[in-house]
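The values are calculated or read from the model by the stated rules, or taken from the named source; none is laboratory data. These numbers were taken from a predicted model, which means no experiment stands behind them. Note that each Cβ is placed from the backbone with ideal geometry, even for glycine, and that neighbours are counted across all protein chains shown.
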Amino acid sequence: MKKVLSMVATALLITSVASTSVMADPAKGQKLFLKKLKKSCGLNGAKMSGKHTQDEWAAFKEKGTLEDEIKTICPNVKDVKDKYLPDLFDFFHEYGSDSGNVPSC
């Protein structure tokens, strides 16, 4: 019985750690914005994320047009790697115009 409980506890621990690393992160999105997009956009993070409400950002993600919207707001941006989009979305969504949150960038 002790061995079974130990295995279950280990499996839960591994699952929780693995699922956390897969999730996107607003802080990582903020860093990506600062590093990859801020100069091309000419906007700070608060102005960029405040261009739309949280629901509007979510709609862009659901439709798969998030990259297109970034390019619309920031015409100087050439391409945004697909692997960056989940984190950028979390950043834009977290600090959308109706969120009441203000990023530090």
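Give the residue that is nearest to the chain's Cα centre (by Cα), with candidates limited to residues of the range 42-61 that are surrounded by fewer than 18 Cβ atoms within 10 Å (Cβ to Cβ) and among the small types (Gly, Ala, Ser).
Ala58
Checking the conditions here, which among Gly96, Gly64 is surrounded by fewer than 17 Cβ atoms within 10 Å (Cβ to Cβ) and either β-branched (Val, Ile, Thr) or under 18 Å from Ala24 (Cβ atoms) (or both)?
On the way: Gly96 fails: surrounded by fewer than 17 Cβ atoms within 10 Å (Cβ to Cβ).
Answer to the selection: Gly64.
Going through Glu62, Glu67, Glu56 one at a time, which residue ends up being modelled with pLDDT of 95 or more, in contact with a helix residue (DSSP H, G or I) (Cβ under 8 Å, 6 or more places away or on another chain) and either acidic (Asp, Glu) or not in a helix (DSSP H, G or I) (or both)? I'd like the intermediate steps shown before the answer.
Details: Glu62 fails: in contact with a helix residue (DSSP H, G or I) (Cβ under 8 Å, 6 or more places away or on another chain); Glu56 fails: in contact with a helix residue (DSSP H, G or I) (Cβ under 8 Å, 6 or more places away or on another chain).
The conditions single out Glu67.
Where residues in the range 33-53 are assigned to a helix (DSSP H, G or I) and of a type in the set (A, V, I, L, M), which of them is nearest to Pro103 (Cα to Cα)? Full working, then the answer.
Going residue by residue through the range 33-53, those that are assigned to a helix (DSSP H, G or I) are 33-41, 45-49.
Cutting the leftovers down to of a type in the set (A, V, I, L, M) gives us 34, 37, 46, 48.
Values: Leu34: 11, Leu37: 15, Ala46: 6, Met48: 10 Å.
The selected residue is Ala46.
From (1) part of a loop (DSSP other than H, G, I, E, B); (2) within 20 Å of Asn101 (Cα to Cα), pick out the condition that doesn't hold for Lys78.
Among (1) part of a loop (DSSP other than H, G, I, E, B); (2) within 20 Å of Asn101 (Cα to Cα), Lys78 violates only (2).
How do the pairs read when you match residues in the range 62-79 that are free of Cβ contacts under 8 Å to residues at least 40 places away in the same chain with residues anywhere that are loosely packed, with under 10 Cβ neighbours inside 10 Å and part of a helix (DSSP H, G or I), using Cβ under 9 Å and keeping only pairs 6 or more apart or on different chains?
Matching pairs, first to second residue: Glu67/Asp82.
So which residues in the range 91-101 are outside any helix (DSSP H, G or I) and either touching a Phe, Trp or Tyr at 6+ places or on another chain (Cβ under 7 Å) or without any contact (Cβ under 8 Å) to a residue 12 or more places away in the chain (or both), if there are any at all? Walk me through it before giving the result.
Of the range 91-101, the ones outside any helix (DSSP H, G or I) are 95-101.
Within the range 91-101, Gly96, Gly100, Asn101 qualify.
Which of the residues spanning the range 27-41 are closer than 16 Å to Ser104 by Cα, surrounded by fewer than 19 Cβ atoms within 10 Å (Cβ to Cβ) and of a type outside the set (D, E, K, R)?
Ala27, Leu34
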